[in-house]
Structure formats: C-alpha cells, structure tokens
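Here, each number is a calculation from the coordinates, and none is a lab measurement. Note that the coordinates shown come from a computational prediction; the quantities given were computed from them, not determined experimentally. FYI the Cβ positions are ideal-geometry reconstructions off the backbone, even for glycines, and counts take in every protein chain you see.
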Amino acid sequence: MNELAITVIGRDRPGIVADVAEVLARLGANLTDSTMTRLRGHFAMTLICVGPAAAEVETALAPLAADGQLLATVRAVTPDGETAPAGEPYVMAVHGADRMGIVAAMTRVLAEAGGNVTDLSTRLAGTLYVVVAEVELPPGTADALGGRLAEAAAGLGVEVTLRPAEPDLL
Amino acid sequence: MSGAPDVSNPDPQADAYVGLGDWAPETLGAGRVIPVVSAPDPVLSRPGEEVDPTADETVQLAADLIATMRVSPGCVGLAAPQVGVSAQLFAVDVTGHPKTVTGHGVFVLCNARVVEATRWKAGREGCMSVPDLTGDVKRASRLVVEGALPGSGETVRLVTDGFEARALQHEIDHCAGLLFLDRVAGAHAIYQRKVYL
C-alpha cells in the first residue's frame, strides 16, 4: 500500500471537498487524517491517503486544477506509524499587533526548549494577530520556557500565555 | 460578636452570601457612553489598578460602564480597560439572556476576585474588544465572587452559576489584563465571527 500526502488549495467555492473526495474514492484511495479549512478566502486541504500510486492520483486530480483555480500536489511518503507523545501537552496563545516574524520568533523559542508543535493556527483580524499552538514539552520544562516566551513576546510587543492543555475525557 | 459558627447549616457558602441589598444602578447618577477600545490596544493587556469604590471618579466610571453597555447590542458585561481605563471595575447584566440561569440584574463590582470556582465547562465566548473572533474557553459554571459596590463601597459576596458566572470571570480577567484569547482551549478553538452578507 502507498501512503500519499496530498495538498489542494485554491479559491473557495462550494464543492471542492466533494470533487476531490470523489476522485480519491473512485481510485480506491482511502482518506485517513486530514485538515480542510478556509484561510482568507482560499480553501486548503492537507490529507494523507492510503491506496494507489502517486502518479495515478495526480493524473486523476489534474482536471480539477485545469481552470487554474485549484492547485493539487501528490507525493508518496514513508509511513511512520503513530508517534508517541514526546512530552506534556501545553497550549501557547500569542496575541498582539500584527508584525513580521511573530510565529518565527515564538516557535524558535519552543523548538530550542525541545517543544514539538503538534497543531498551530493563526488569525489576522484587522490589526490583531493571534497565534494558538498546541505543543508537547519535555517534562518539567514548562516554567522556564514560560519565562523565555515572555521575554520573546516582550521583544515583539505581543502577549503570550502558556497553559497545560486539559483534555476532557468523557 | 458571638463567635459561634452556625453548624446547623450544611452549606458553608449559603451564609457567606452577601447580595446587592438595596444597591441600584440609579444611585450612580447619569453615565456617559465612552468609545470601546479593541485589541491590540495595550490597555487591554495591562493589569488594572485597584480603585477606591467610594471615590467620585469610580462612581462616574461605573455609571459610564453601564451607559456604554446599554447602548451596545448583545453586550452582557464591560470592564474599565475596555473603555481605556486601567482599573479593576466592571459592569455586568445578563438579564434576559437565553443562557442565564442565576442573574443579579445590572451591577458594577470594584476590585472583584474569585473566591471559589467549580464545575468547569467549555463554552464559546466573544468580546466587544475582539470584535472579529470568538473562542472556546473553559470557565467555572459555579462561582463565588467578592467585590465592592461603587458608591457605598459595601463588600458583596455573590454566588452564581452558568452564564453570569462566565460573564463575571470574563470581566475579572479584563481587570487583570487578560482576554479570552489567553485562555482558548487549543489551536482550533478560535473562530472568525460569522457574518452573513
């Protein structure tokens, strides 16, 4: 079985998900993990599929991209299997006036502490920029990291909080 | 003072409750509508100063917060930092809101603090100072809050729940320089406020 990483991005319109998923289903490509969301009027899909060869999927998606409104890429990836969590789950929230380099500076501080970002989203609303990242931290490092994040945030003129993620187990 | 505790009362909070009494917003006098500031205004991220609840300027600001809240559609609470004043003072009114369980009507608290917070629940919040976004935030759904009433300066200890508890925690956060953005549950817990054009 081939594991494929597929991205589709383009101007949002009704039916993008249906069009792409239909092609994949017809080829017997099984959709596993994916995110599909609208980003400032562009619709972006990132998905992992298991099934046919990459070239076959690329050819089948080509007609969707023919009008120049959608861009699709397909590449074979090596299945890594499930990775165990690297540490304790935390949520970092950053907000402040938009400027260049907020994500770069804050995630560099996380990376230097051995933190692994598992999910991150950003929003620009007017002049307000918001970053929320879920990150796994090496055990016992959160307090010191919080201090370094606060320093980095002060340098950027933004606010940061780092809190333990609280999963609701029902 | 007799120091004997009332052991017959099984709920220690019940006799701790000190309600609004005969306090009414009319005692504050006329309020002015003040422009509401939006993030990333730095005043929203600064911890507010404690106020003297009996000072004239506190009473005036309390009246202004109520006046501004009343002209703002859907507004159930407004804190001093949201009108550009870095102070621990906020107005709340959840009357008539469909999510309200317990409600104390219109009131203003000075220097409020959370005494007890239990039964945490996630819920979607918005904010007049973050007009384009909403977010999922976990808040206590049962809350005991202590604060002073503007004018008399009398200390009250309110026990509340549900939506009013959420509103109070949101406003107390404002007074500490925090926005709901600082408490969102995760990377997918922030949403663009939906506007149908």
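Okay, here's what the table says:
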item: Nitroxide proxy distance, nm - points 7 Å out along Cα→Cβ at A:Glu151 and B:Arg32; result: 4.5
item: 10 Å Cβ neighbours from other chains, averaged over peptide A:90-97; result: 5
item: Bins of 10 Å from zero: percent of alpha-carbon pairs in the range B:18-192; result: 11, 42, 38, 9, 0
item: Inter-site label distance for A:Ala25 and A:Ala97 at 7 Å from Cα along Cβ, in nm; result: 5.0
item: Helix-derived mean residue ellipticity, 222 nm - over chain B, DSSP H n ≥ 4, -39500 (n - 2.57), to 500; result: -5000 deg cm²/dmol
item: Relative contact order %, chain B, counting alpha carbon pairs below 8 Å whose residues are six or more apart; result: 24
item: Top positive-direction residue, dipole computed over the range A:2-77 with Cβ charges, set A:Ala66, A:Ala29, A:Ile9; result: A:Ile9
item: Percentage relative contact order, the range B:99-183, counting C-alpha pairs under 8 Å, at least six apart; result: 33
item: The range B:127-174-the range A:20-45 distance, computed between alpha-carbon centres (Å); result: 41
item: Most mobile of B:Ala39, B:Ala165, B:Ala79 in a GNM of chain B (Cα contacts under 10 Å); result: B:Ala39
item: Per-residue mean of C-beta atoms belonging to partner chains within 10 Å, peptide B:176-183; result: 4
item: Sites A:Thr73 and B:Val71, calculated FRET efficiency, Cβ-Cβ separation with R0 51 Å, nearest 0.05; result: 0.50
item: Rounded to the nearest 20 debye, dipole of chain B from Cβ charges on Lys, Arg, Asp, Glu; result: 960
item: Neighbouring partner chain Cβ atoms per residue of B:36-42, average, 10 Å criterion; result: 5
item: Helix-derived mean residue ellipticity, 222 nm - over chain A, DSSP H n ≥ 4, -39500 (n - 2.57), to 500; result: -9000 deg cm²/dmol
item: Separation of alpha-carbon centers, the range B:14-52 and the range A:77-154, rounded to whole Å; result: 34
item: Length added when fully stretched, B:Ala16-B:Asp52, from 0.36 nm per residue minus Cα-Cα; result: 10.6 nm
